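Structure, as structure tokens:
The values are calculated or read from the model by the stated rules, or taken from the named source; none is laboratory data. A quick note: this is a predicted structure, and the numbers were derived from the prediction, not measured. Using ideal geometry, Cβ is built from the backbone for each residue, glycine included, and neighbour counts are taken over all protein chains shown.
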Amino acid sequence: MNLLPVLLKKFWKPLAEILLVAFLLCAGAYWCYSRGYQKADTSWKFQWAQRDLTDATTALQREVTERAKEQRRQHAA
């Protein structure tokens with residue numbers, strides 16, 4: 001029973017240093033992961049925005065073409 005307090009009293013500094021280093025490594029790894037995740041997310045959002053813009057432009061061009069055809073048909077009739 002008295003062994004644990006004795007060991008803690010003797011090794012508290014090395015244990016504290018090990019825990020601090022482990023915490024800093026985990027915090028650094030999390031920061032790197034979240035930074036990469038945000039970068040990839042931003043990249044994908046940009047690509048999806050480009051795709052949406054292309055789709056909207058294509059749909060608008062198709063609509064203008066169809067309206068022009070309809071106008072020609074109405075004038076021909």
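Only one entry in L53, L24 is assigned to a helix (DSSP H, G or I), of a type outside the set (G, A, S), under 30 Å from L8 (Cβ atoms) and modelled with pLDDT of 95 or more, namely L24. Candidates Q47, Q74, Q38: the one that is assigned to a helix (DSSP H, G or I) and loosely packed, with under 10 Cβ neighbours inside 10 Å is Q74.
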